[in-house]
Amino acid sequence: MSNQDAPFNGSAIFDAKAFRRCLGQFATGVTVMTTVTDQPIGITVNSFSSLSLDPPLVMWAVGRKSKSFAHFQTAKGFAVNILASDQIAISQQFAVSDSDKFNGIDWQPGVYGIPVFQGTAASIECLIEALHDGGDHVIVVGRVLGFKTSDREVLMFAQGKYGVPAEHPDMISVGSEKIAQRPLLSLLTEAQHVLTGRFESHRSAEGLSSGESKIIGALDRLIVASVSTLMKSTYMGELETRDLIGALIERSLVFDTGGGNFTLTEIGMERREAMRRRAAAFEAELAHRIPAENYQALRAALSSVNNGSTLSV
(Lines give C-alpha, C1' and ligand atoms only; values in the text may rest on other atoms or scores of the structure.)
Protein backbone atom coordinates (compact mmCIF):
# COMPACT_ATOMS: atom_id res chain seq x y z
CA MET A 1 0.00 0.00 0.00
CA SER A 2 1.39 3.42 -0.97
CA ASN A 3 1.65 6.52 1.21
CA GLN A 4 -1.09 7.98 -0.98
CA ASP A 5 -3.53 5.26 0.08
CA ALA A 6 -2.34 4.32 3.56
CA PRO A 7 -3.68 6.02 6.69
CA PHE A 8 -1.08 7.28 9.13
CA ASN A 9 -0.68 4.80 11.97
CA GLY A 10 2.49 6.06 13.63
CA SER A 11 4.61 3.47 11.86
CA ALA A 12 8.40 3.89 11.88
CA ILE A 13 8.33 3.69 8.07
CA PHE A 14 6.25 6.88 7.87
CA ASP A 15 7.59 8.85 4.89
CA ALA A 16 8.26 12.40 6.13
CA LYS A 17 9.06 13.73 2.66
CA ALA A 18 5.82 12.34 1.24
CA PHE A 19 3.95 13.89 4.16
CA ARG A 20 5.58 17.25 3.43
CA ARG A 21 4.39 17.00 -0.16
CA CYS A 22 0.91 16.16 1.16
CA LEU A 23 0.94 19.28 3.33
CA GLY A 24 2.01 21.24 0.26
CA GLN A 25 -1.49 20.70 -1.10
CA PHE A 26 -2.69 23.30 1.41
CA ALA A 27 -2.27 26.78 -0.07
CA THR A 28 -0.79 29.44 2.22
CA GLY A 29 0.50 32.95 2.12
CA VAL A 30 4.23 33.62 2.35
CA THR A 31 5.77 35.54 5.25
CA VAL A 32 9.19 36.52 6.49
CA MET A 33 9.41 36.48 10.28
CA THR A 34 11.92 38.97 11.64
CA THR A 35 13.40 39.76 15.02
CA VAL A 36 16.58 41.34 16.35
CA THR A 37 19.21 40.19 18.85
CA ASP A 38 22.71 41.42 18.25
CA GLN A 39 21.78 41.60 14.58
CA PRO A 40 18.63 41.54 12.39
CA ILE A 41 17.26 38.01 11.98
CA GLY A 42 14.78 36.76 9.38
CA ILE A 43 13.35 33.50 8.08
CA THR A 44 10.79 32.64 5.38
CA VAL A 45 7.73 30.94 6.88
CA ASN A 46 4.39 29.70 5.56
CA SER A 47 3.15 28.22 8.86
CA PHE A 48 1.75 31.58 9.98
CA SER A 49 -1.85 31.64 11.18
CA SER A 50 -4.24 33.84 13.11
CA LEU A 51 -5.14 32.46 16.55
CA SER A 52 -7.40 34.85 18.45
CA LEU A 53 -9.11 38.22 18.04
CA ASP A 54 -9.68 38.83 21.75
CA PRO A 55 -6.94 39.06 22.80
CA PRO A 56 -5.27 39.57 19.39
CA LEU A 57 -2.93 36.59 18.98
CA VAL A 58 -1.12 35.01 16.02
CA MET A 59 1.05 31.92 15.76
CA TRP A 60 3.72 30.28 13.62
CA ALA A 61 6.35 27.55 13.97
CA VAL A 62 10.15 27.65 13.80
CA GLY A 63 12.22 24.52 13.20
CA ARG A 64 14.54 23.48 16.01
CA LYS A 65 17.34 22.88 13.46
CA SER A 66 16.99 26.34 11.97
CA LYS A 67 19.95 28.68 12.49
CA SER A 68 17.38 31.31 13.51
CA PHE A 69 15.81 29.11 16.20
CA ALA A 70 17.89 30.32 19.16
CA HIS A 71 17.32 33.96 18.22
CA PHE A 72 13.53 33.64 18.25
CA GLN A 73 13.70 31.65 21.51
CA THR A 74 15.30 34.56 23.35
CA ALA A 75 13.73 37.49 21.50
CA LYS A 76 11.15 39.81 23.05
CA GLY A 77 9.06 39.99 19.92
CA PHE A 78 8.85 39.49 16.18
CA ALA A 79 7.35 41.02 13.05
CA VAL A 80 5.24 39.20 10.46
CA ASN A 81 6.04 40.52 6.98
CA ILE A 82 3.30 39.23 4.67
CA LEU A 83 4.86 39.31 1.21
CA ALA A 84 3.28 40.85 -1.87
CA SER A 85 3.12 39.05 -5.21
CA ASP A 86 6.23 40.81 -6.57
CA GLN A 87 8.41 39.80 -3.59
CA ILE A 88 9.33 36.22 -4.56
CA ALA A 89 13.01 37.19 -4.51
CA ILE A 90 12.68 38.26 -0.86
CA SER A 91 11.02 34.95 0.00
CA GLN A 92 13.89 33.03 -1.59
CA GLN A 93 16.55 35.27 -0.06
CA PHE A 94 15.30 34.54 3.46
CA ALA A 95 14.75 30.83 2.73
CA VAL A 96 18.47 30.14 2.21
CA SER A 97 20.34 29.74 5.48
CA ASP A 98 23.79 30.81 4.29
CA SER A 99 22.85 34.02 2.46
CA ASP A 100 23.34 37.66 3.46
CA LYS A 101 19.64 37.88 4.07
CA PHE A 102 19.15 41.60 4.62
CA ASN A 103 21.30 42.67 1.68
CA GLY A 104 19.25 45.08 -0.44
CA ILE A 105 16.13 44.78 1.74
CA ASP A 106 14.17 48.00 2.37
CA TRP A 107 13.12 47.91 6.03
CA GLN A 108 12.45 50.16 8.96
CA PRO A 109 12.88 49.38 12.68
CA GLY A 110 9.61 48.69 14.47
CA VAL A 111 8.97 47.80 18.10
CA TYR A 112 12.22 46.76 19.87
CA GLY A 113 14.02 47.71 16.62
CA ILE A 114 12.66 44.63 14.83
CA PRO A 115 12.84 44.92 11.00
CA VAL A 116 9.55 45.71 9.30
CA PHE A 117 9.75 45.41 5.50
CA GLN A 118 8.48 48.08 3.13
CA GLY A 119 6.19 47.30 0.19
CA THR A 120 4.57 44.22 1.74
CA ALA A 121 0.91 43.25 1.54
CA ALA A 122 0.74 43.65 5.33
CA SER A 123 2.91 43.63 8.43
CA ILE A 124 2.15 42.73 12.05
CA GLU A 125 4.31 43.56 15.07
CA CYS A 126 4.09 41.22 18.05
CA LEU A 127 5.30 40.58 21.57
CA ILE A 128 6.14 36.92 22.16
CA GLU A 129 3.34 35.60 24.37
CA ALA A 130 4.35 31.95 24.66
CA LEU A 131 6.48 29.15 23.19
CA HIS A 132 5.03 25.64 22.92
CA ASP A 133 6.60 22.31 22.02
CA GLY A 134 5.68 21.19 18.52
CA GLY A 135 7.85 18.14 17.82
CA ASP A 136 10.73 19.16 15.58
CA HIS A 137 9.35 22.72 15.68
CA VAL A 138 8.49 25.20 18.40
CA ILE A 139 5.15 27.00 18.15
CA VAL A 140 5.55 30.74 18.67
CA VAL A 141 2.49 32.64 19.91
CA GLY A 142 2.57 36.41 19.53
CA ARG A 143 0.39 39.13 21.03
CA VAL A 144 -0.31 41.75 18.37
CA LEU A 145 0.93 45.24 19.24
CA GLY A 146 0.24 46.86 15.90
CA PHE A 147 -0.32 46.16 12.22
CA LYS A 148 -0.36 47.78 8.80
CA THR A 149 -2.36 46.68 5.75
CA SER A 150 -1.96 47.68 2.11
CA ASP A 151 -4.03 46.86 -0.96
CA ARG A 152 -1.11 45.05 -2.64
CA GLU A 153 -1.76 41.59 -4.09
CA VAL A 154 -0.47 38.83 -1.81
CA LEU A 155 2.04 36.12 -2.68
CA MET A 156 0.84 32.53 -2.24
CA PHE A 157 2.50 29.11 -2.11
CA ALA A 158 1.06 25.64 -2.83
CA GLN A 159 2.24 22.38 -4.41
CA GLY A 160 5.81 23.65 -4.34
CA LYS A 161 4.96 26.69 -6.48
CA TYR A 162 4.46 30.39 -5.94
CA GLY A 163 1.18 31.83 -7.08
CA VAL A 164 -1.22 34.74 -6.79
CA PRO A 165 -4.89 34.72 -5.78
CA ALA A 166 -7.38 34.64 -8.63
CA GLU A 167 -11.14 34.46 -8.67
CA HIS A 168 -12.30 30.88 -9.23
CA PRO A 169 -13.55 30.26 -12.79
CA ASP A 170 -16.90 29.03 -11.43
CA MET A 171 -17.40 32.46 -9.86
CA ILE A 172 -16.65 34.39 -13.04
CA SER A 173 -19.13 35.32 -15.76
CA VAL A 174 -18.04 33.81 -19.07
CA GLY A 175 -19.58 36.64 -21.10
CA SER A 176 -17.05 38.13 -23.53
CA GLU A 177 -17.70 41.65 -22.22
CA LYS A 178 -17.00 40.58 -18.63
CA ILE A 179 -13.84 38.71 -19.67
CA ALA A 180 -12.58 41.75 -21.59
CA GLN A 181 -12.95 43.87 -18.47
CA ARG A 182 -10.97 41.54 -16.21
CA PRO A 183 -7.37 42.45 -15.26
CA LEU A 184 -4.67 40.99 -17.51
CA LEU A 185 -2.89 39.36 -14.55
CA SER A 186 -6.10 37.54 -13.61
CA LEU A 187 -6.51 36.25 -17.17
CA LEU A 188 -2.87 35.13 -17.35
CA THR A 189 -3.07 33.37 -13.98
CA GLU A 190 -6.25 31.53 -14.89
CA ALA A 191 -4.81 30.50 -18.28
CA GLN A 192 -1.67 29.19 -16.56
CA HIS A 193 -3.72 27.08 -14.16
CA VAL A 194 -5.90 25.70 -16.97
CA LEU A 195 -2.97 24.80 -19.25
CA THR A 196 -0.91 23.34 -16.41
CA GLY A 197 -3.85 21.16 -15.41
CA ARG A 198 -4.35 19.93 -18.96
CA PHE A 199 -0.64 19.14 -19.34
CA GLU A 200 -0.51 17.22 -16.05
CA SER A 201 -1.50 13.93 -17.73
CA HIS A 202 1.61 14.21 -19.95
CA ARG A 203 3.88 14.69 -16.93
CA SER A 204 2.20 11.79 -15.14
CA ALA A 205 2.75 9.58 -18.18
CA GLU A 206 6.49 10.25 -17.83
CA GLY A 207 6.31 9.62 -14.07
CA LEU A 208 7.12 13.22 -13.17
CA SER A 209 5.48 15.66 -10.82
CA SER A 210 5.26 19.35 -11.71
CA GLY A 211 8.17 20.13 -9.36
CA GLU A 212 10.35 17.33 -10.74
CA SER A 213 9.65 18.53 -14.27
CA LYS A 214 10.77 22.04 -13.26
CA ILE A 215 14.05 20.74 -11.83
CA ILE A 216 14.77 18.66 -14.92
CA GLY A 217 13.91 21.59 -17.21
CA ALA A 218 16.16 23.94 -15.24
CA LEU A 219 19.10 21.50 -15.30
CA ASP A 220 18.57 21.04 -19.03
CA ARG A 221 19.08 24.80 -19.50
CA LEU A 222 21.79 25.32 -16.86
CA ILE A 223 23.69 22.00 -17.35
CA VAL A 224 25.10 22.17 -13.80
CA ALA A 225 23.43 24.02 -10.93
CA SER A 226 23.36 24.35 -7.14
CA VAL A 227 20.28 24.25 -4.92
CA SER A 228 20.20 28.05 -4.63
CA THR A 229 20.46 28.46 -8.41
CA LEU A 230 17.67 25.94 -8.95
CA MET A 231 15.52 27.77 -6.40
CA LYS A 232 15.90 31.01 -8.34
CA SER A 233 15.22 29.28 -11.65
CA THR A 234 12.13 27.35 -10.50
CA TYR A 235 10.74 29.75 -7.87
CA MET A 236 10.54 26.95 -5.31
CA GLY A 237 11.58 26.89 -1.66
CA GLU A 238 14.76 25.29 -0.32
CA LEU A 239 13.17 22.26 1.36
CA GLU A 240 10.99 21.50 -1.65
CA THR A 241 13.96 21.83 -4.01
CA ARG A 242 16.18 19.57 -1.90
CA ASP A 243 13.41 16.95 -1.59
CA LEU A 244 12.84 16.93 -5.36
CA ILE A 245 16.56 16.65 -6.11
CA GLY A 246 16.83 13.76 -3.66
CA ALA A 247 13.90 11.96 -5.30
CA LEU A 248 15.38 12.49 -8.78
CA ILE A 249 18.78 11.20 -7.64
CA GLU A 250 17.13 8.06 -6.23
CA ARG A 251 15.54 7.49 -9.65
CA SER A 252 18.89 8.01 -11.44
CA LEU A 253 17.58 11.09 -13.29
CA VAL A 254 19.92 13.56 -11.56
CA PHE A 255 23.56 13.16 -10.53
CA ASP A 256 25.33 14.85 -7.61
CA THR A 257 28.58 16.18 -9.10
CA GLY A 258 29.96 17.11 -5.69
CA GLY A 259 30.50 20.55 -4.19
CA GLY A 260 26.76 21.13 -3.95
CA ASN A 261 26.10 20.97 -7.70
CA PHE A 262 23.81 18.71 -9.72
CA THR A 263 23.35 17.74 -13.35
CA LEU A 264 21.12 15.46 -15.44
CA THR A 265 22.12 11.84 -15.99
CA GLU A 266 21.76 10.23 -19.41
CA ILE A 267 18.41 8.82 -18.28
CA GLY A 268 17.40 12.28 -17.08
CA MET A 269 18.27 13.80 -20.45
CA GLU A 270 16.20 11.12 -22.19
CA ARG A 271 13.27 11.92 -19.90
CA ARG A 272 13.68 15.62 -20.69
CA GLU A 273 13.60 14.88 -24.43
CA ALA A 274 10.42 12.86 -23.92
CA MET A 275 8.87 15.80 -22.06
CA ARG A 276 9.96 18.17 -24.82
CA ARG A 277 8.22 15.99 -27.43
CA ARG A 278 5.07 15.91 -25.33
CA ALA A 279 5.19 19.69 -24.87
CA ALA A 280 5.54 20.20 -28.63
CA ALA A 281 2.54 17.95 -29.31
CA PHE A 282 0.55 19.73 -26.61
CA GLU A 283 1.38 23.13 -28.11
CA ALA A 284 0.47 21.96 -31.61
CA GLU A 285 -2.93 20.84 -30.34
CA LEU A 286 -3.42 24.18 -28.59
CA ALA A 287 -2.42 26.10 -31.72
CA HIS A 288 -4.94 24.10 -33.75
CA ARG A 289 -7.76 25.39 -31.52
CA ILE A 290 -6.80 29.07 -31.82
CA PRO A 291 -6.94 31.13 -35.03
CA ALA A 292 -3.42 31.44 -36.42
CA GLU A 293 -3.28 35.26 -36.21
CA ASN A 294 -4.45 35.17 -32.58
CA TYR A 295 -1.97 32.45 -31.69
CA GLN A 296 0.99 34.36 -33.14
CA ALA A 297 -0.17 37.58 -31.45
CA LEU A 298 -0.39 35.71 -28.14
CA ARG A 299 3.15 34.35 -28.51
CA ALA A 300 4.48 37.79 -29.40
CA ALA A 301 2.72 39.43 -26.46
CA LEU A 302 3.96 36.85 -23.95
CA SER A 303 7.50 37.05 -25.34
CA SER A 304 7.38 40.81 -24.87
CA VAL A 305 6.14 40.47 -21.27
CA ASN A 306 8.92 37.99 -20.49
CA ASN A 307 11.57 40.19 -22.12
CA GLY A 308 12.33 37.51 -24.66
CA SER A 309 13.10 34.80 -22.08
CA THR A 310 12.32 31.22 -23.05
CA LEU A 311 9.71 29.56 -20.86
CA SER A 312 10.00 25.83 -20.24
CA VAL A 313 7.04 23.50 -19.70
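The values are calculated or read from the model by the stated rules, or taken from the named source; none is laboratory data. Quick caveat: nothing in here was measured; it's all calculated off a predicted structure. To get the accessible areas, we keep the full protein, side chains included, count just its heavy atoms, and leave off ligands, DNA and RNA. Shrake-Rupley method; radii C 1.70, N 1.55, O 1.52, S 1.80 Å.
What to note about this one:
- Of all complete DSSP H helices in the chain, those with a Cα span along the helix axis of 24 Å or greater and a mean Kyte-Doolittle hydropathy of -1.0 or more are 184-205, 266-289.
- In this structure, the pairs whose alpha-carbon distance is over 22 Å, taken from Lys101/Lys232; Lys67/Lys161; Lys65/Lys148; Lys101/Lys214; Lys76/Lys232; Lys17/Lys214, are Lys67/Lys161; Lys65/Lys148; Lys101/Lys214; Lys76/Lys232.
- Put Lys76, Lys65 in order of accessible area, highest first, and with a 1.4 Å probe you get Lys65, Lys76.
- If both residues of a DSSP beta bridge must be in region 46-150, then about 100% of such bridges are antiparallel.
- Candidates Phe72, Phe102, Phe94, ranked by Gaussian network fluctuation over the chain, Cα under 10 Å, top entry: Phe102
- Rg/Rh ratio calculated on Cα atoms of region 209-286 (Kirkwood radius): 0.98
- Whole-number Å³ per residue for the convex hull built on Cα positions in the chain: 181 Å³
- Within the listed set Gly237, Gly104, Gly42, the Gaussian network model of the chain (springs between alpha-carbon atoms below 10 Å) gives the highest mean-square fluctuation for Gly104.
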